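What follows draws every value from the coordinates through simple rules; no lab data is involved. On a predicted model such as this, the values are computed, not experimentally measured, just so you know. With ideal geometry, Cβ positions are generated from the backbone for all residues, glycine too; neighbour counts draw on all protein chains shown.
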Amino acid sequence: MAAKNSAILPRMKKFPYKRIIVVGTTSSGKSTLAEKLASILGLDFVELDALYWQPNWVGTPDDEFIPKVAAATSGERWVVAGTYSRTIPTTWKRAEVIIWLDYSLPLILWQLIKRTFRRNITREVLWGTNTDRFWIHFKLWSDESLVRWLFKTYKRRKWQYPHFLGLPEHKHLKLLRFTSPKETEAWLETLEA
């Protein structure tokens, strides 16, 4: 199914899409790529986690979250980092292309561990007043552990994205699927050139 929507784009002077969603599992690099694309292409950068998380890691209720997402993606030029299943009806119908960072589990796990250590050392503030809680991620029995979340969702994403792309309401979407950071960077260089 995914192959039908896949688009291998040759080197081009101008990327033709103005409404982009970058998807992948936790720590695959969605926000980093989306922010780079926003800068290169002059698009608004929309980070779903920033819209969802309130102080003290309290999630925004759907009746507030979905309208925020709708407002952030109401324009004609944006790139969204991430997807929540409940935001798909709002964002995917307006998007033109899905970029899927479909990297290997060992690579993503390594990126998650590095990111967790970096955020702990720098005390990076996330989405307002939140900071990463270092040890919670290594407590694999905790629902708050991103390592546990990665293992829980990695295989699920492999069938979920093709499933969602196969729905009639998403037939308009193009798919760019990258299986390694090198492949993603090489493609990004074609946009920057």
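Figures for the structure shown
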{"item": "Pairs beyond 23 Å (Cα-Cα), from LYS152/LYS174; LYS18/LYS152; LYS36/LYS114", "result": "LYS152/LYS174; LYS18/LYS152"}
{"item": "Pairwise FRET efficiency - ASP44 versus GLU183, Cβ, R0 = 35 Å, nearest 0.05", "result": "0.85"}
